[in-house]
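Asker: One structure, pasted below without further comment.
The values are calculated or read from the model by the stated rules, or taken from the named source; none is laboratory data. From a predicted model like this one, the values you see are computed outputs, not experimental measurements. Every residue, glycine among them, receives a Cβ derived from its backbone with ideal geometry; neighbour counts consider all protein chains shown.
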């Protein structure tokens, strides 16, 4: 979102609703893929979605990190997730662990 006040309002509304982050993220990635495939949105629109997500995450970054590097890392991961190259989830450590211990 380009307007910080709108961004804060939406953040609070989502927090109030208690939306589960991973379920929502997976749905958003799928929705963007479907809309892109149908020609409803273009790559620039998907990039704006990723920018909005990255800004939300970076807004709550630990104070000890360099914001620009953190934002760049987040954006790289989002690019891989939206491209289907990385799963939606907590990260490679948890993903690797899940592969080592398949569900019973």
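Asker: May I ask you to list the residues in the stretch 64-93 that are part of a loop (DSSP other than H, G, I, E, B) and modelled with pLDDT of 85 or more?
Answerer: 64, 65, 66
Asker: Looking at (1) surrounded by fewer than 15 Cβ atoms within 10 Å (Cβ to Cβ); (2) modelled with pLDDT under 90, can you tell me which one residue 25 breaks?
Answerer: Among (1) surrounded by fewer than 15 Cβ atoms within 10 Å (Cβ to Cβ); (2) modelled with pLDDT under 90, the lone unmet condition for residue 25 is (1).
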